[in-house]
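For reference, the structure is listed below as structure tokens.
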Amino acid sequence: MLAKTYCAAVVGLEATTITIEVNMTRGVMFNLSGMADTAVKESYARISAALPNVGYRLSVASLTINLSPADIRKEGSSYDLPIAIGMLAAHEKLPADRLGDYMMVGELGLDGKLKPVRAALPIAIRARKEKFKGLIVPRHNAREAAVVNNLEVYGMDDITQVIEMLSGKSKPEPMFVDTRKEFYEHQASFDLDFSDVRGQENVKRALEVAAAGGHNLIMIGPPGSGKSMMAKRLPSILPPLSLAESLETTQVHSVAGKLSRDTSLISQRPFRSPHHTISQVGLCGGTSSAQPGEVSLAHNGVLFLDELTEFSKQTLEVLRQPLEDRKITVARAKYTVEYPCSFMFVASTNPCPCGYYGDPTHTCVCTPGQIQRYMSKISGPLLDRIDIQCEIQAVPFAELSQMQPGEPSAAIRERVIAARKIQEERFRNHKGVHCNAQMTERMVHQYAAPDAQSLDMLRMAMEKLKLSARAYTRILKVSRTIADLEGAEKVLSHHIGEAIGYRNLDRGDWAERGI
């Protein structure tokens with residue numbers, strides 16, 4: 001007898017419907033076809049052990065299982081459940097008339113329990129697109145998949161519940177998630193707040209500008225000056241995610257298997273802070289299963305690289321293209337996958353190997369050559385892509401000991417949101433552009449053109465600092481953001497002046513002077 005069940009294969013963020021054909025004839029052979037990896041091939045051993053443990057013994061027969069289309073690579077253990085259901089239907093232990101209504105995924109334990117799988121959300125989106133009546137998933141993945149409307153999602157604990165449902169013996173209720181309610185409930189809840197930061201008003205201003213325009217930023221200063229502390233509070237002043245951004249971000253984390261139990265939608269912008277020992281593959285994605293890297297997990301959020309100069313130079317250089325294109329293509333021998341990676345790049349570093357170059361309270365023991373070699377790990381092309389470069393001094397005791405808290409994140413966030421609303425209105429006719437940092441060259445000249453006085457100031461800065469054309473464009477983008485924070489229609493000279501002040505590391509004498 002021939003039985004068919006339906007599953008999905010996920011490559012990148014896209015899912016493809018897979019038809020699992022199970023054919024039973026007389027004999028003792030077993031064949032599995034359709035470009036299955038080791039985990040899929042091992043499913044027969046798991047199923048053969050699990051079914052007797054839940055009371056279903058299959059007769060000896062020849063089984064041919066085909067995963068169609070056969071030219072798409074199938075990976076992982078999510079095929080266990082649909083293969084097991086197909087085998088039961090082929091042995092006439094289960095009616096096959098309702099199998100075409102449902103797509104199903106799940107790893108099968110030897111006791112019949114269903115274990116969670118990755119990429120439940122892209123699979124649910126595919127199931128709705130293919131007009132399946134419902135999707136059957138492990139209980140752990142139910143809330144994640146139930147984000148998709150117009151699709152019945154059933155979270156099951158074990159294969160027995162699936163069998164009873166498909167045979168009509170039980171009628172479980174589909175999982176319901178009030179997506180909008182849960183999404184908006186958790187948007188403004190942050191554990192860290194800028195009110196904890198004492199002093200550093202100029203750096204907080206730079207972070208506000210960066211958040212308002214989506215600009216990349218680097219902070220350089222001695223240890224203990226508050227670089228990491230302020231960077232970790234950056235998400236609390238970023239504008240809230242839209243539902244579309246949240247869905248896209250959740251898809252990336254779903255494919256990577258990073259969603260926690262009972263998570264439906266990611267409601268806050270992600271903040272990723274990988275250790276400096278991370279590899280190029282870990283940062284940009286890849287491996288044998290086409291997993292997204294840290295740049296994609298930070299999509300619509302922040303990628304924070306603490307102690308930037310401790311990262312491998314080869315690893316840092318792979319950031320060039322993602323920072324420019326806001327997407328990354330992972331090409332390997334067996335696949336080519338494109339992931340989104342539109343993120344704010346924030347970095348911090350010490351100014352020298354000992355950490356105290358230019359610090360008035362400590363003596364630096366590094367030579368100028370050591371300082372130059374240390375900072376040369378950040379290449380010119382990478383530094384060019386960082387819009388805001390600010391230096392930090394240690395906080396004086398008088399400011400550190402103040403009992404009065406600093407300005408709270410909520411107040412800063414209001415100004416950032418107001419500036420972003422101006423940008424959204426400005427770019428409403430430009431698809432894929434939501435903030436000033438995403439402007440193209442043509443848009444920069446259209447919306448951030450400087451007046452004559454500002455142009456003279458910019459010309460002097462370009463000549464004195466020997467800035468590149470890319471740095472010129474980024475100064476204009478930052479000045480447009482500063483103008484938006486003021487509510488100014490045009491970019492004025494003081495906006496340009498502040499933006500130029502955020503190019504500290506472009507000064508040629510940086511490593512030859514005190515900070």
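Say we look at the range 1-36 and pick out the residues that are outside any strand (DSSP E or B) and in contact with a helix residue (DSSP H, G or I) (Cβ under 9 Å, 6 or more places away or on another chain); which of these is farthest from residue 145 (Cα to Cα)?
Ranking the candidates gives 1 first.
Looking only at the range 104-145, which residues are open to solvent by 10 Å² or more (accessible area, probe 1.4 Å), in contact with a strand residue (DSSP E or B) (Cβ under 8 Å, 6 or more places away or on another chain), hydrophobic (A, V, I, L, M, F, W, C) and over 20 Å from residue 16 (Cβ atoms)?
114
Looking at residue 101, is it within 24 Å of residue 34 (Cα to Cα), touching a strand residue (DSSP E or B) at 6+ places or on another chain (Cβ under 6 Å) and of a type in the set (Asp, Glu)? Steps first, answer last, please.
Values: within 24 Å of residue 34 (Cα to Cα): yes; touching a strand residue (DSSP E or B) at 6+ places or on another chain (Cβ under 6 Å): no; of a type in the set (Asp, Glu): yes.
It is false that residue 101 is within 24 Å of residue 34 (Cα to Cα), touching a strand residue (DSSP E or B) at 6+ places or on another chain (Cβ under 6 Å) and of a type in the set (Asp, Glu).
Kindly indicate whether residue 135 is modelled with pLDDT of 95 or more and either out of contact with any His (no Cβ under 7 Å at 6 or more places or on another chain) or among the hydrophobic types (A, V, I, L, M, F, W, C) (or both).
Criteria met by residue 135.
Of (1) assigned to a helix (DSSP H, G or I); (2) open to solvent by 30 Å² or more (accessible area, probe 1.4 Å); (3) within 30 Å of residue 197 (Cα to Cα), residue 472 satisfies all except one. Which?
The number of the failed condition is (3).
Note down all Cβ pairs under 6 Å where the first residue falls in the range 474-490 and is closer than 14 Å to residue 447 by Cβ, the second is open to solvent by 10 Å² or more (accessible area, probe 1.4 Å) and of a type in the set (Asp, Glu), and they're at least six residues apart or on different chains.
Once the first residue is closer than 14 Å to residue 447 by Cβ and sits in the range 474-490, its partners that are open to solvent by 10 Å² or more (accessible area, probe 1.4 Å) and of a type in the set (Asp, Glu) give 482/498.
Can you tell which of 453, 446 is loosely packed, with under 13 Cβ neighbours inside 10 Å, assigned to a helix (DSSP H, G or I) and in contact with a Ser or Thr (Cβ under 8 Å, 6 or more places away or on another chain)?
453
Does the range 320-341 include one or more residues that are touching a residue at least 24 places away in the same chain (Cβ under 8 Å), part of a loop (DSSP other than H, G, I, E, B), at positive phi and surrounded by fewer than 18 Cβ atoms within 10 Å (Cβ to Cβ)? Reasoning before the result, please.
Start the filter on the range 320-341 by keeping residues that are touching a residue at least 24 places away in the same chain (Cβ under 8 Å), which leaves 320, 322-324, 326, 328, 330, 332, 334-335, 337-341.
Applying the additional criterion that residues be part of a loop (DSSP other than H, G, I, E, B) yields 326, 332, 334-335, 341.
Checking which are at positive phi leaves us with 326.
Right, trim to surrounded by fewer than 18 Cβ atoms within 10 Å (Cβ to Cβ) and you get 326.
Among the residues of the range 320-341, at least one is touching a residue at least 24 places away in the same chain (Cβ under 8 Å), part of a loop (DSSP other than H, G, I, E, B), at positive phi and surrounded by fewer than 18 Cβ atoms within 10 Å (Cβ to Cβ), which makes the answer yes.
Are any residues in the range 340-356 in contact with a Lys or Arg (Cβ under 7 Å, 6 or more places away or on another chain) and not hydrophobic (A, V, I, L, M, F, W, C), and if so, which ones?
340, 342, 348
From the list 283, 265, 247, exactly one residue is over 17 Å from residue 342 (Cα atoms), aliphatic (A, V, I, L, M) and either open to solvent by less than 30 Å² (accessible area, probe 1.4 Å) or not in a loop (DSSP other than H, G, I, E, B) (or both). Which is it?
Working: 283 fails: over 17 Å from residue 342 (Cα atoms); 247 fails: over 17 Å from residue 342 (Cα atoms).
Among 283, 265, 247, only 265 is over 17 Å from residue 342 (Cα atoms), aliphatic (A, V, I, L, M) and either open to solvent by less than 30 Å² (accessible area, probe 1.4 Å) or not in a loop (DSSP other than H, G, I, E, B) (or both).
Those residues that are assigned to a helix (DSSP H, G or I) and surrounded by fewer than 13 Cβ atoms within 10 Å (Cβ to Cβ), I need them from the range 457-469; list them, please. Step through it out loud before you land on a result.
The initial filter retains those residues of the range 457-469 that are assigned to a helix (DSSP H, G or I), namely 457-465, 469.
Passing the criteria: 459, 460, 463, 464, 469.
State which residue is modelled with the highest pLDDT when the search covers only the range 278-306 and only residues that are out of contact with any Phe, Trp or Tyr (no Cβ under 9 Å at 6 or more places or on another chain) and among the hydroxyl-bearing types (Ser, Thr, Tyr).
Taking the candidates together, the pick is 279.
I need a count of the residues in the range 424-446 that are of a type in the set (A, V, I, L, M, F, W, C) and either over 21 Å from residue 482 (Cβ atoms) or touching a residue at least 24 places away in the same chain (Cβ under 8 Å) (or both).
4
For residue 111, are the conditions met, namely being out of contact with any Phe, Trp or Tyr (no Cβ under 8 Å at 6 or more places or on another chain) and charged (D, E, K, R)?
Answer is yes for this residue.
Listed here are the residues, each with its yes/no results for (1) open to solvent by 40 Å² or more (accessible area, probe 1.4 Å); (2) at pLDDT below 95.
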position	(1), (2)
149	yes, yes
156	no, no
182	yes, yes
187	no, yes
191	yes, yes
196	yes, yes
199	no, yes
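What is the residue count in the range 160-190 for residues that are within 30 Å of residue 409 (Cα to Cα), of a type in the set (Ser, Thr, Tyr) and outside any loop (DSSP other than H, G, I, E, B)?
Counting residues in the range 160-190 that are within 30 Å of residue 409 (Cα to Cα), of a type in the set (Ser, Thr, Tyr) and outside any loop (DSSP other than H, G, I, E, B) gives 2.
Which residue is modelled with the lowest pLDDT, if the candidates are limited to the range 360-382 and must be surrounded by fewer than 18 Cβ atoms within 10 Å (Cβ to Cβ) and not in a loop (DSSP other than H, G, I, E, B)?
My answer is 380.
Condition first: in contact with a helix residue (DSSP H, G or I) (Cβ under 9 Å, 6 or more places away or on another chain) and of a type in the set (Phe, Trp, Tyr). Now tell me which residues in the range 324-339 satisfy that.
339 - this is the single residue of the range 324-339 that is in contact with a helix residue (DSSP H, G or I) (Cβ under 9 Å, 6 or more places away or on another chain) and of a type in the set (Phe, Trp, Tyr).
The values are calculated or read from the model by the stated rules, or taken from the named source; none is laboratory data. None of these values were measured; they are calculated from a predicted model. With ideal geometry, Cβ positions are generated from the backbone for all residues, glycine too; neighbour counts draw on all protein chains shown. Heads up: the accessible areas ignore ligands, DNA and RNA and are worked out on the full protein's heavy atoms, side chains in. Shrake-Rupley method; radii C 1.70, N 1.55, O 1.52, S 1.80 Å.
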